[in-house]
Each structure stands twice: as structure tokens, then as C-alpha cells.
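The values are calculated or read from the model by the stated rules, or taken from the named source; none is laboratory data. What you see is a predicted model; the values in this text were computed from it and never measured. Please note: Cβ atoms are built from the backbone with ideal geometry, for glycine as well, and neighbour counts cover all protein chains shown. Ligands, DNA and RNA are stripped out before the accessible areas are found, and what is left, the full protein with its side chains, is counted by its heavy atoms. Shrake-Rupley method; radii C 1.70, N 1.55, O 1.52, S 1.80 Å.
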Amino acid sequence: MSTVQDYIDKNIETFQGQLFELLRIPSVSTDSSRKSDVQKAAGFLSTQLKEIGLDKVTVHETPGHPIITAEKIVNENRPTVLIYGHYDVQPPDPEELWDTPPFEPTIKNGRVYARGASDDKGQSFTHIKSVESYLQTGTELPVNVKFILEGEEEIGSPNLVPFIKENKDLLSCDMVLISDTAMFGEDQPSITYGLRGLAYMEVHVQGPNRDLHSGVYGGAVNNPANVLADIISKLKDEDGVIQIDGFYDDVEPLTPEMREAYSKLPHDEEAYKKDLDLKEVFGEKGYSTLERASARPTLDVNGLWSGYQKEGAKTVLPAKASAKISMRLVPDQHPDKIAKLFEKQVLSLAPDSVTVNVEAHHGGHPVVIDLDYYGLKAAAQAFEDVYEKEALYSREGGSIPIVADFQKILGVNSILMGFGLTKDALHSPNESFSLKDFHRGIKTSARFLELLPEYS
Ligand code: BES
Ligand code: ZN
């Protein structure tokens, strides 16, 4: 093993340089003008997978962005790990708030700043380099390894589920390994055993057939912006409880044991508030911040637009108002059912003086992985060996919808071995990733592959 770990230490600068090359490609999946850049990122990664010595490296075209697969089967009797990652990134907007250009990786205080540095180029690249460290040192891989890298995670993976359904043999495995989550804190390795699901909605309120003079018509015609604000305000009460009929019906309650485990996790509420420049936190009454942010469902406006937004004042009664609203879900809430309940509730709140329309965007199922799963134990040990600190187990509030699909279609659990931190600023300006965690991540991945046969 030390040959592999030595190779990682000796080559870490080369690995960083390669990661930076990937970070320079603006593979923003939601932006159609970036389609060729997403292709370019797929090309870069497939070349990497070939160069490190994997077999059957294939770039599968889809109606959207490509899916890359590759494998190294050493022995049919050994466990097979399917490594998943995504090479698409969120848009850099608002770009003016970046201190350095989002697609020009810049090192500051041991961190690399770039869109996708943590989510998920930096994190998923750790596994490519870990597998390289076996293949390029002539050390036999302790397990069979497969890769699946997609370019549409940030837009809800529309082409991945059909791909998995059609390629069950190609992807057959004993478990999935994913690094696309965060650790509990700096130098505090953690295994994520739960993720929330998602139902993402859009609401449009149409009033009169054109924008009106707010003096001439104001008071006599209902204002879609006022109506939308009113509807939104009725979706949650002052205790943070969501007011959609049936919303909580399938929510698995937190058991006293689960709550006890939550209370033991290190959390500094004052530091949490200070980091966000907030006087107070807010959430569902009766639950702690950690519970609210990972084990309870939410409803949040993600975008809101109507009326005049430029400089100065314009007296106008807008004809339309719209909002994007997402709900994070927990077991056993079903995204389609929640989307329907949301639509029904919003329509029931709409007055006849306007027309309200509700659309559903992508969704995703929540997941919780059994803490007794042997893969989690091997991952925890690998973390402990590299970080020299015992790993914690935590649930997270973000979503990786494909995790539930892997469970349903391939019948396998996912091991969420995150090397990120909440301070990485995912989806925000100035996203970054610790280069120390990039290095330790590669080592943890390599150690995990080594330990796994002992645990299976
Ligand atoms: N890497 C994140 C998910 C994540 C972040 C999990 C932090 C746990 C902690 C992922 O790339 C992401 O942002 N997913 C989207 C999913 C959506 C677009 C379907 C999300 O959570 O908003
Ligand atoms: Zn991600």
C-alpha cells in the first residue's frame, strides 16, 4: 500500500495541475451556449480515464450532455465499486461577486478558487487519481472499479436514469462511491448517510393583459405581485411549519435515538450565525438547526420576479408575477406526490381576479442509508487512517437524486465520502476547495479500496 500512498504524495502537484485544467473548462450544464464546453470537459475526463489505464472508456452521447463510463475488472469474485461523479457545474452568476475569475483556478491560503472546485470536479477527481495510483504503480487493484461520470447533475440528471435502466449489466456493482458532499467541519471526516430529496416548482400569476398605470388602475384591479406574495406567505406559518395539506403525511418522524445522535454532533450555533452575519436563525419550531437543515423538510422561494426592477421608480401595476419555489424532502416523502399537493394548495389560494399556473421542474427522492452497512464502516476506517481522527456520521440537507435511483434500479447503496466543507461556497461566488483535502481525499479513496475486501 505504501507504494500507492507514496505515488500520491510524489505526484500531488501534477494531479493539481490536471485538476486546474479541468476547472478552466466552463462546463455549465444549464447554459446552452456552454454545450461545447461541457463536451470538452467530457473529452478531458475520458482522456484521463484512458491514460491512467482503465478499460472500455466510453463517452455515451445523450439528448443532453454525455455520460462517461470506464472499468477495470481484476477478478470477478472481488467486490465491484462503481464511482459516480459529475463534471458539470453551476453557473458562476453573479460573476461580479467573484474575487478571482470563476474559470481561472487561483490558489489562496491553501485553497483553489474556481467554479466546480469542490462541486464536483475537485471531489470526483480524487477517485480518478486514486485508481491511477494503483494502475500506474503496477499494484493490483484490491477490488473491481467502474466509473460513471455525468454532465447533468446540476440540472436534475434527466438522461442518467434512462441510461442506468438501459445499462444495468455495464453498471452492475456491489456499491456506489460518491464524493459530492461536505465533511462536518475542518479536519473532521464524516460519512453522510442521508440526503434530502427535492420537488422544484414554478408559479406564474397573470393579472391584466398588460402592465398598467398604477394610479389609473391601482385599487380596482388585483396586482399579481401582491397575490403571489400573499400565496407564498400562506405556505408557511410563523413557526416555520409548511401549510400544504398532506405535506407531512409521509414524513418519517425523528426517533428519540436519532435526536440523541443529532444532539451529540458538534455544532456551534453562535459561530454558525456569525458566519452568515445573522442575529437569529429561523426554522421549524421544536427542532435544532442541524435537524432543520437535514432531517426535516423545507419550502423556500429560490427566485421571485415581477414589475419594475431597474434604477429609480416607475409607477406600474405589473401584469405578471412569478416565483421558483423548491421543497427539500425527507423519507418517505415522494417528489411527485408533493408536487401535486403543492399545486393543489397554491391553486386553492388563488383568487378569481388573477390566473395562476403551476409547473413542476425536476425532483428527486430522499435517501437514508442503514448505518450498519459494511461499506460505511470501511469508509469510516479509511477516513480515520488518513485523517487520524474518527469519522462522524451525519445526514445532509442537499440532494443527489441519483443515489435513490441507484438503490432502486441497481439495488445498491451509495457511500457518500465527502471531502468538501460548508465553507467551500457551493453554488455561490468564490467557490473553493482545500488542496489539503484534495490530497487527503485521494489517499482516503485509495485506502478505502484497499480496506473494502476485509469488510465485505
Ligand atoms: N453536491 C451537491 C449536493 C450536496 C451539497 C449534498 C452539499 C450535500 C451537501 C449537488 O451537486 C447539488 O447541488 N445538487 C442539487 C440537486 C438538484 C439540482 C437536483 C441540489 O442539492 O440542489
Ligand atoms: Zn455536486
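Leaving out ligands and nucleic acids, and using a 1.4 Å probe, what accessible area per residue does the stretch 86-144 come to in Å²?
About 33 Å² of surface per residue is accessible.
Could you size up the charge dipole of the chain around its Cα centre, putting +1 on the beta carbon of Lys and Arg and -1 on that of Asp and Glu, and report it in debye to the nearest 20?
The dipole of the chain has a size of about 660 debye.
At most 10 other Cβ atoms within 10 Å and a DSSP loop assignment: could you name the trypsin sites (Lys or Arg not before Pro) in the stretch 260-359 that fit?
Here the trypsin sites (Lys or Arg not before Pro) that fit, given the DSSP loop and packing criteria, are Lys279, Lys310.
For the chain, what is the percent of antiparallel DSSP beta bridges, rounded to the nearest 5?
Roughly 70 percent of the beta bridges in the chain run antiparallel, per DSSP.
Can you give the relative contact order of the chain as a percent, counting alpha carbon pairs under 8 Å and 6+ residues apart?
26
Based on Cα positions only, what radius of gyration and what Dmax would you give for the stretch 6-163, in angstroms?
Looking at the stretch 6-163, its Cα Rg and Dmax stand at 16.0, 53 Å.
Counting only protein heavy atoms, what percent of the accessible surface of the chain is carbon or sulfur at a 1.4 Å probe?
C and S fraction of accessible area: 47 percent.
Computed over the Cα atoms of the stretch 256-319, what is the convex hull's projected area averaged over all directions, in nm²?
7.4
Length gain on complete extension for the stretch Lys310 to Asp250, per 0.36 nm per residue less the alpha carbon to alpha carbon distance?
17.2 nm
Taking amide H positions as placed 1.01 Å from N in the peptide plane, with prolines and chain starts having none, which residues 5 or more places from His60, or on another chain, fall under 5 Å of its amide H?
Ile67, Ile68, Thr69
For helix 2-23, report the angle its Cα long axis makes with the longest principal axis of the Cα atoms of the chain; keep it between 0 and 90° and round to the nearest 10°.
For helix 2-23, the angle is close to 40 degrees.
With both bridge residues required to lie in the stretch 1-151, what share of the DSSP beta bridges run antiparallel, to the nearest 5%?
Here the antiparallel bridges make up roughly 60 percent for the stretch 1-151.
Across the stretch 266-379, how large is the tail of the calculated P(r) beyond 20 Å, expressed as a percent of all Cα pairs?
64
If the viscosity is 1.306 mPa s and the temperature 10 °C, what translational diffusion coefficient in µm²/s does Stokes-Einstein give for the chain when Rh comes from Kirkwood over Cα pairs?
In µm²/s, the coefficient is 67.
Under 19 Å Cα-Cα from Lys121, which lysines qualify once same-chain neighbours fewer than 8 residues away are excluded?
Leaving aside lysines fewer than 8 places away in the same chain, those within reach of Lys121 are Lys35, Lys40, Lys50, Lys108, Lys129, Lys146, Lys423, Lys436, Lys443.
Mind checking the per residue accessible area of the stretch 1-83 for me, 1.4 Å probe, whole number of Å²?
46
Radius of gyration and Dmax for the stretch 367-413's Cα atoms, expressed in Å?
12.5, 36
Counting Lys and Arg as +1 and Asp and Glu as -1, what is the net charge of the other residues whose Cβ lies under 15 Å from the Cβ of Pro256?
-2
Compute the accessible area per residue over the stretch 301-456, keeping the other protein chains in place, probe 1.4 Å, unit Å².
Spelled out: the 1.4 Å probe surface of the stretch 301-456, per residue, equals 44 Å².
State, to one decimal in nm, how far the label point of Tyr393 lies from the label point of Glu269, with both points 7 Å from Cα in the Cβ direction.
Simple spin-label model gives 2.6 nm for this pair.
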